[in-house]
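S.K.: This is the structure I have questions about; it appears just below.
The values are calculated or read from the model by the stated rules, or taken from the named source; none is laboratory data. As the structure is a computational prediction, the values presented were derived from the model and not from experiment. Backbone-built Cβ (ideal geometry, glycine too); neighbour counts: all protein chains shown. Areas reflect the complete protein model, heavy atoms only, side chains present, ligands, DNA and RNA absent. Shrake-Rupley method; radii C 1.70, N 1.55, O 1.52, S 1.80 Å.
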Amino acid sequence: MDFHAIEKKWQKKWEENKVFEVKENQKKKKIYVLEMFPYPSGSGLHMGHAFNYTIGDIYARFKRMQGFNVLYPMGYDSFGLPAENAAIKAGIHPKKYTNTSINNFIKQQKSLGLSYDWSRMISTCTPEYYKWNQFFFLKFMEKGLVYRKKASVNWCPKCKTVLANEQVHNGKCWRHKSTEVEQKELEQWFIKTTEYAEELLKDLDKIDWPERIKIMQRNWIGRSEGVILNFDVVNEEGDKIDNISTFTTRADTVYGITYLVLAVEHPKVMEWVKGTKYEKEVKEFIKKVKKKSIIERTAEGKEKNGVFLGKYFINPFTGDKCPLWVADYVLYEYGTGAVMAVPTHDERDFQFAKKYNLPMKVVITPKNKKLKVEEMKNAYVENGVMINSGKFNGLSNVVAKNKIIELAEKKGWGKKTIVYKLKDWLISRQRYWGTPIPIIKCPKCDAVPVPYKDLPVILPHNVKFGEGNPLLTNKKFVETTCPKCGGKAKRETDTMDTFFDSSWYYLRYADNKNDKEPFNKKKVKYWLPVDQYIGGAEHACMHLIYARFFTKVLRDLGFLDFDEPFKKLFNQGMLHGDDGAVMSKSRGNVVLPETISKKYGIDTARFFLISLASPDKDLRWSDEGIEGSYRFIKKIINYFKKVKIGKSNKKTESKLNKTIKLVTEYIEGFKYNLASIQLREFFESLGEEESKSTLEKFLKLLHPFCPHITEELWEKLGNESFISLHSWPEYDESKIDEKAEASEEFVEKVRKDIHSVKNLIKLEKIEEIKIIIAPKWKYDFFNKVKKILEKTRSPKEVIKELMKTNLRNHGKEISKIVPIIIKDNSKIPKTVLNQKTELNALIENKKLIEKEFNAKIIIEKAEESKENKARQANPNKPSIILR
RNA sequence: GUGGGGGUGCCGGAGCGGUCAAACGGGCAGGACUUAAGAUCCUGUGGCUUAGUGCCUUCGCGAGUUCGAAUCUCGUCCCCCACACCA
């Protein structure tokens, strides 16, 4: 069979007939299935992508057949650094590079047989798309969510651009794993994501996402409840000169404060030491610290360094005068950028105090032990009883904490506060291949937003690549006039982080050709939110937070009326190469869909991918393993060539209904691997003659996995329209006949038994096979056991009851039957058929068995007198005698 | 360090209290077909066996709960992923 021809044929037909294009239809229930859109890299897509899209495609096809109006689009996250790097390296313009890549991707994706509505395609690097990035930026600005700030930022010397915190991995650039990130001070555009921190955290409870992703987001947002405490700052003589505030979650330890540390970036540090004898040392210290990247100097476990500032503060709770320090372990970004130090009850403070010989004071002790400062090797961070804490002595620290906060608030020393780890989103990039930030910098009017009517600010084509930001090399772009005063002005040359583009793309699919507004509200109302989102876990803290943030802002701006963009999320596992390592070009273990498709056909590849393992687990590609799927596909095709269309028997009916039920459940739960097994099992049970309806239902069940060959076979069966558009089969519970299936299994077992006996005896020729099935009493015995079991449900009780009867000797059998009954009491357990059923089953299949073994079959009932021998026999394991 | 996910037969992996010597695939071995190879089909694939599937031993390691554990609890070792001094 020419797989290639079949694939092309159906892909063409689907496209020509617009089979997967959808429109809003109020009468039909919608489902929006979406995979995270790819960055169209020049190296094209590999099996890992194919796996991701296949997962979505199966679900989309399944839902479509179930009668839903399925929106299943595709697009490209086409702005970004690699295109620009290609420009620098190979001299190709990013636009050309990107367009080539996109076309390549489309071609590849189409050849995978994915059922996208291609008419809704988007590409973020087109003015038609990024115009709305600029539009939203201005809207955000109007809402006060945008600000400019000079900030120390992560600078990658290789990318020559600023990186977001999320793009720095272990002090290195996320793209250049060996390049140290440096620090640089620049004016940057920020978006106030922190304003939505609380809602982003709270609404995690609303969505059906994998728990681990939610946990990652919770940690990323990092909410802490605590108190901000204010302290008076004094000089050597004790005169008040200033004040300082710190954030703490451990208000219970305030009586143990012995010093206070500021981050090196804290403006008060230089203010206080200016003109004093400490100035030089502090300056040098800060200089030294700032040379290192934030990540490097704040890595956990690093030795802590600091310098005394020559100033003191007063602890309002004790009246003590304690020293102020500056140190490298304090994060300026978090809390107030200054921390109160309680060395006895905080590990970091403990280490610092030990190093610089700062005083320590125990204020919490374990219940029945006394802590001595001199003996302490670590800070005591557990709960305990308050000591050395004035009127709070003797209380549990948990209780005392609240009382202390109350006291602080009453006296005006502090305020209850919630702080978050989440930082504002730095969106400025000093790069070319991105959305120009729609701002004009006027010497008189400062930063002026580009008026809406002038959007989009088009990214100029002619620029020079090399050092720094290419946009600066296009004078025509840079030089402009101020929209406010009309004077000479310059355009902002920063572009937006591409996460801005990907934060709302899923909305644009609902209305991708609109040039009047980002999207039509009605259309979005029909299609959104995304019902099923599919993608990797690596986006947990970046894209998935930004997209949620965007949705909430757009809701508050009146564009949307829902809170969360993605109702359900499915995280697929990573596809590894044959060597067990992550698929990557550099490792040389990349498998390309084209290669596999050429050899086996894409349906085989799809089927193999999903039968390998559960799709949410990491899986390992195997060149040998695919043979199994290939055989299966070939078997199906051959079977359909030979099968006689007629009537299906009861057994097939039963199996079919069971298969429909299970496959439906499995697809719904993304257990595609189990669905594939069920399909194989059912296929194996098909006979030489089956009804057309049975065969059609089988093809329908297989269709989401193997869309091309099922279309082909569907047509061969004499159907005209697409199987893709036919309805998903329904199952009839009443047709599931466990008994019929059990007797079939029984015959199967007998066959196997004959084989194993035959192998053991190794007779040249067998003339006669005598099958002796257990005596009637044996079956009665089992049924009796069953009856007793039905009286009492508790397994313990059941067994006790049984031990009282003369069945004591059959412990083994009992332990086999009990669980069956307990698991499902409505059905007759498979293993307890009666003698008559088994006899009939054997007689029915007698000829087949005779043919198989080329011997005469004699079936006998064991005589009651042979009780002793038969007693050991399991009723469904008959004795076999060969001659 | 913290959080999450794992360790199952020759291999990839199901199973997640009882129908478990463990689905399904791969590999390997034997057989059928063929002049032969390939393809295809059948059978076997922990050990012992009186052949009855009977017994024994297995699901990282050690203990426990239970009539019963690959599955639950605790401890322990190893692997992967994410976060990284968050006061």
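S.K.: Looking at A:356, A:332, which one is at pLDDT 90 or above, within 15 Å of RNA strand B (Cβ to nearest atom) and hydroxyl-bearing (Ser, Thr, Tyr)?
M.R.: Result: A:356 is the single residue among A:356, A:332 that is at pLDDT 90 or above, within 15 Å of RNA strand B (Cβ to nearest atom) and hydroxyl-bearing (Ser, Thr, Tyr).
S.K.: Being open to solvent by less than 40 Å² (accessible area, probe 1.4 Å) and within 7 Å of RNA strand B (Cβ to nearest atom) is the filter here; which residues of the stretch A:300-328 pass it?
M.R.: Listed by number, the residues that qualify are A:304, A:328.
S.K.: Out of A:596, A:660, which single residue is over 23 Å from residue A:729 (Cα atoms), over 23 Å from the mean Cα position of the chain (by Cα) and aliphatic (A, V, I, L, M)?
M.R.: The match here is A:596.
S.K.: Suppose we filter the stretch A:644-667 for residues that are free of Cβ contacts under 8 Å to residues at least 40 places away in the same chain and over 24 Å from residue A:630 (Cα atoms); how many remain?
M.R.: 2
S.K.: Filter the stretch A:584-604 down to residues that are part of a loop (DSSP other than H, G, I, E, B) and either closer than 24 Å to residue A:532 by Cα or open to solvent by 60 Å² or more (accessible area, probe 1.4 Å) (or both) and give me whichever is modelled with the highest pLDDT.
M.R.: Once the filter is applied, the top-ranked residue is A:592.
S.K.: Looking for whichever is within 44 Å of the chain's Cα centre (by Cα) and among the β-branched types (Val, Ile, Thr) here; the options are A:276, A:365, A:318. Which one fits?
M.R.: A:365
S.K.: Within the stretch A:54-75, is even one residue small (Gly, Ala, Ser), touching a residue at least 24 places away in the same chain (Cβ under 8 Å) and over 30 Å from residue A:728 (Cβ atoms)?
M.R.: Looking for residues that are small (Gly, Ala, Ser), touching a residue at least 24 places away in the same chain (Cβ under 8 Å) and over 30 Å from residue A:728 (Cβ atoms), one finds none in the stretch A:54-75, hence no.
S.K.: Something else now. Run residue A:363 past the list (1) crowded, with 22+ Cβ neighbours inside 10 Å; (2) over 17 Å from residue A:252 (Cβ atoms); (3) more than 8 Å from RNA strand B (Cβ to nearest atom) and report the number of the one that doesn't hold.
M.R.: Unmet for residue A:363, out of (1) crowded, with 22+ Cβ neighbours inside 10 Å; (2) over 17 Å from residue A:252 (Cβ atoms); (3) more than 8 Å from RNA strand B (Cβ to nearest atom): (2).
S.K.: Now for a different question. Given the conditions (1) more than 16 Å from RNA strand B (Cβ to nearest atom); (2) free of Cβ contacts under 8 Å to residues at least 12 places away in the same chain, and given that residue A:714 satisfies all but one, which numbered condition is not satisfied?
M.R.: (2)
S.K.: Here's a follow-up. Output the residues belonging to the stretch A:385-418 that are surrounded by fewer than 20 Cβ atoms within 10 Å (Cβ to Cβ) and touching a Phe, Trp or Tyr at 6+ places or on another chain (Cβ under 7 Å).
M.R.: Passing the criteria: A:388, A:390, A:403, A:417.
S.K.: Please state which of the following conditions residue A:421 fails to meet, knowing it meets all the rest: (1) of a type in the set (Lys, Arg); (2) more than 15 Å from RNA strand B (Cβ to nearest atom); (3) surrounded by 13 or more Cβ atoms within 10 Å (Cβ to Cβ).
M.R.: It fails just one condition, (2).
S.K.: Which residue pairs have Cβ atoms under 7 Å apart, sit 6 or more places apart or on different chains, and have a first residue in the stretch A:263-275 that is among the basic types (Lys, Arg) and a second that is within 16 Å of RNA strand B (Cβ to nearest atom)?
M.R.: If the second residue must be within 16 Å of RNA strand B (Cβ to nearest atom), the pairs left are A:268/A:244; A:268/A:262.
S.K.: Looking at A:703, A:708, which is the one that is touching a Phe, Trp or Tyr at 6+ places or on another chain (Cβ under 7 Å) and either away from RNA strand B (no atom under 16 Å from the Cβ) or charged (D, E, K, R) (or both)?
M.R.: Only one candidate qualifies: A:708.
S.K.: Residue check, residue A:660 against (1) farther than 19 Å from residue A:705 by Cα; (2) more than 16 Å from RNA strand B (Cβ to nearest atom), all met but one. Which one?
M.R.: Going through (1) farther than 19 Å from residue A:705 by Cα; (2) more than 16 Å from RNA strand B (Cβ to nearest atom) one by one, residue A:660 breaks only (1).
S.K.: Which of the residues spanning the stretch A:686-723 are polar (S, T, N, Q) and under 12 Å from residue A:636 (Cα atoms)?
M.R.: Once the filter is applied, which keeps residues that are polar (S, T, N, Q) and under 12 Å from residue A:636 (Cα atoms), the stretch A:686-723 yields only A:710.
S.K.: Using the structure shown, decide if residue A:337 is within 7 Å of RNA strand B (Cβ to nearest atom), open to solvent by less than 30 Å² (accessible area, probe 1.4 Å), in contact (Cβ under 8 Å) with a residue 40 or more places away in the chain and at positive phi.
M.R.: Criteria met by residue A:337.
S.K.: Give the stretch A:183-208 a look and list any residue that's surrounded by fewer than 15 Cβ atoms within 10 Å (Cβ to Cβ) and either under 26 Å from residue A:286 (Cα atoms) or modelled with pLDDT under 85 (or both), or say none.
M.R.: Matches in the stretch A:183-208: A:184, A:185, A:187.
S.K.: Looking at the structure I just gave you, is residue A:571 within 16 Å of RNA strand B (Cβ to nearest atom), closer than 24 Å to residue A:204 by Cβ and either in contact with a Gly (Cβ under 7 Å, 6 or more places away or on another chain) or modelled with pLDDT of 90 or more (or both)?
M.R.: The answer is yes for residue A:571.
S.K.: Hey, does the stretch A:12-25 have a residue that's among the hydrophobic types (A, V, I, L, M, F, W, C), touching a Ser or Thr at 6+ places or on another chain (Cβ under 6 Å), open to solvent by less than 70 Å² (accessible area, probe 1.4 Å) and not in a helix (DSSP H, G or I)?
M.R.: Yes, some residue in the stretch A:12-25 is among the hydrophobic types (A, V, I, L, M, F, W, C), touching a Ser or Thr at 6+ places or on another chain (Cβ under 6 Å), open to solvent by less than 70 Å² (accessible area, probe 1.4 Å) and not in a helix (DSSP H, G or I).
S.K.: Could you run through the stretch A:605-615 and say how many residues are assigned to a loop (DSSP other than H, G, I, E, B) and either in contact with a Leu (Cβ under 7 Å, 6 or more places away or on another chain) or more than 8 Å from RNA strand B (Cβ to nearest atom) (or both)?
M.R.: Number satisfying all stated conditions: 2.
S.K.: Based on what the data block shows, is residue A:581 farther than 28 Å from residue A:509 by Cα, within 15 Å of RNA strand B (Cβ to nearest atom) and surrounded by fewer than 23 Cβ atoms within 10 Å (Cβ to Cβ)?
M.R.: For residue A:581, the condition - farther than 28 Å from residue A:509 by Cα, within 15 Å of RNA strand B (Cβ to nearest atom) and surrounded by fewer than 23 Cβ atoms within 10 Å (Cβ to Cβ) - is met.
S.K.: So, one more: Applying the selection to the stretch A:65-81, what residues are within 27 Å of residue A:129 (Cβ to Cβ), open to solvent by 20 Å² or more (accessible area, probe 1.4 Å) and modelled with pLDDT of 90 or more?
M.R.: A:77
S.K.: Please list, ordered by residue number, the helices (runs of 4 or more DSSP H) wholly in the stretch A:462-568 having 2 or more residues that are within 16 Å of RNA strand B (Cβ to nearest atom).
M.R.: A:543-556
S.K.: Say whether the condition of being surrounded by 13 or more Cβ atoms within 10 Å (Cβ to Cβ) and either out of contact with any helix residue (DSSP H, G or I) (no Cβ under 8 Å at 6 or more places or on another chain) or in a strand (DSSP E or B) (or both) is met by at least one residue in the stretch A:366-380.
M.R.: So far as the stretch A:366-380 goes, no, none of its residues is surrounded by 13 or more Cβ atoms within 10 Å (Cβ to Cβ) and either out of contact with any helix residue (DSSP H, G or I) (no Cβ under 8 Å at 6 or more places or on another chain) or in a strand (DSSP E or B) (or both).
S.K.: Residue A:631 versus (1) assigned to a loop (DSSP other than H, G, I, E, B); (2) surrounded by fewer than 18 Cβ atoms within 10 Å (Cβ to Cβ); (3) over 25 Å from the mean Cα position of the chain (by Cα): which is the lone unmet condition?
M.R.: It is condition (1) that residue A:631 fails.
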